[in-house]
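For reference, the structure discussed in these notes is given below.
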Amino acid sequence: MSKSSKGRSDEALTQFVGLTGASTKDAKKFLDKYKRLDLAVDAFFDDPNAMASVRRQPDTPAPSTSKLNTLFDKYKDPEGSDITINGTIQMCEDLEVDPEDVVLLAIAYELKSPRMGEWNKKGWVEGWKRIGCDNVVDMKIALTRLRNQLGSEYKYFQKVYGHTFDFARSEGARSLGLETAQAYWSLLLPYGLEQGALSHVAAPRDDDDDDDDDEDVEMDTSEEGWKSEYTDWWFEFLNEKGGKGVSKDTWSMFLDFVRTADAKFEKYDPEAAWPSTIDDFVDWAKIRLQS
């Protein structure tokens with residue numbers, strides 16, 4: 001191998017490790033197999049076994065609490081104890097991420113943000129330490145990793161989705177305002193559908209009802225599932241129906257509904273424990289399909 005080729009190979013290896021958090025050994029394995037950095041990175045994030053093997057290397061220093069405290073103080077409201085809207089905007093500018101990027105919902109989950117645009121010191125320090133970052137450069141790399149994880153892993157998507165309900169609702173409210181719910185659905189659902197986290201799966205059989213482990217569920221490519229326009233239909237239905245908000249039950253079960261619904265809603269079981277709002281939507285959607 002020429003010096004120039006070896007230099008390019010070493011650079012690709014460094015970039016792969018930085019983007020994925022993988023070991024040098026795993027990075028070399030994927031790069032040798034796929035030859036191109038972009039193809040190798042995509043294959044890594046599509047491989048659940050590879051993702052699960054990601055660990056910080058023993059010789060890598062643990063994230064510094066003092067560095068994280070300094071960063072927190074940089075963004076903190078000067079008249080309060082937490083980071084608020086202005087600090088969040090500054091943080092997004094430093095991380096070079098749009099405040100409306102879906103990856104910020106993953107960050108909100110990881111850092112246990114209590115409300116939109118708010119971050120407390122405990123969640124900030126403990127969250128970034130779990131992720132493995134104590135500086136802006138590493139945080140930018142982590143955003144790429146979390147964005148890919150959110151798009152490719154249903155279990156992780158489900159956790160972020162669940163936290164979003166509590167994160168987005170008004171303090172003291174039991175439900176999520178209709179406009180707010182639609183705004184977050186508009187952010188999360190298209191991303192999950194496009195990236196694969198919400199790929200269609202067959203509805204569980206009756207004898208599977210007691211099995212809460214979704215790890216072994218295989219994607220069903222034999223039938224068409226939820227279409228992107230159905231999300232717009234859902235919004236239209238909710239607006240026609242009226243009501244003040246979306247309950248946590250409806251929010252939570254709607255995710256399973258999106259994954260398991262067939263394109264004509266023919267396999268939907270009205271006797272299952274779906275919220276009545278989803279039952280009514282299926283009746284509404286079937287009439288629309290017929291017309």
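Solvent-accessible area of the range 65-148 (1.4 angstrom probe, protein heavy atoms only): carbon and sulfur portion equals 50 percent. Counting heavy atoms of the protein chains alone, Lys248 has an accessible area of about 90 Å² for a 1.4 Å probe. Candidates [x] 74, 67, 41; [y] 66, 55, 34; [z] 198, 44, 28; which is the computed Cα extents along the principal axes in Å? Computed from the coordinates, Cα extents along the principal axes in Å corresponds to [y].
Taken along the Cα-to-beta-carbon direction at a fixed 7 Å, the label points for Lys122 and Ser66 span 2.5 nm. Computed about the Cα centre, the dipole magnitude for the range 65-148 is approximately 420 debye when only Lys and Arg (+1) and Asp and Glu (-1) carry charge, each at its Cβ. Close Lys pairs in the range 93-161, defined as Cα atoms under 21 Å apart and 8 or more places apart or on different chains, number 12. Taking 0.36 nm per residue of sequence separation and removing the Cα-Cα distance, the Asp283/Ala173 pair yields an extension gain of 36.7 nm.
Counting only protein heavy atoms and using a 1.4 Å probe, the accessible area of Met253 comes to about 50 Å². Give the lysines whose C-alpha is closer than 18 Å to that of Lys28, dropping any in the same chain fewer than 8 places away, or say none. Hits, sequence-local ones excluded: Lys3, Lys6. Remark: accessible surface ordering of Val97, Val17 (largest first) is Val17, Val97, probe radius 1.4 Å.
Taking a point 7 Å out from the Cα of Lys129 in the direction of its Cβ, the residues of the range 66-108 whose backbone N falls within less than 16 Å of it are 66-73. The simple spin-label model puts a point 7 Å past each Cα toward its Cβ; for Trp233 and Asp47 those points are separated by 3.9 nm. Measuring with a 1.4 angstrom probe and ignoring ligands and nucleic acids, Val246 comes out at about 10 Å² accessible.
Centroid-to-centroid, using Cα positions, the range 244-291 and the range 109-164 are 30 Å apart. Suppose a student asked you for the relative contact order of the chain, using Cα pairs under 8 Å spaced at least 6 residues apart; what percent would you report? Computed value for the chain: 13 percent relative contact order.
Using C-alpha pairs under 8 Å with a sequence gap of at least 6, the mean separation divided by the residue count of the range 65-148 gives a relative contact order of 35 percent.
Taking all protein chains together, Trp284, Trp226 sort by accessible area into Trp284, Trp226, largest first [probe 1.4 Å].
Spin-label model, Lys264/Lys74: points 7 Å from Cα along the beta carbon direction are separated by 5.8 nm.
Accessible surface for the range 65-148, divided over its residues, is 49 Å² per residue with a 1.4 Å probe. A helix-only calculation puts the chain at -19000 deg cm²/dmol for mean residue ellipticity at 222 nm, using -39500 (n - 2.57) for each DSSP H run of at least four residues, averaged over all residues.
The values are calculated or read from the model by the stated rules, or taken from the named source; none is laboratory data. Note that this is a predicted model, so its numbers are computed, not measured. Because the Cβ atoms are built from the backbone with ideal geometry, glycine has one as well, and the counts that use them run over all protein chains shown. Heads up: the accessible areas ignore ligands, DNA and RNA and are worked out on the full protein's heavy atoms, side chains in. Shrake-Rupley method; radii C 1.70, N 1.55, O 1.52, S 1.80 Å.
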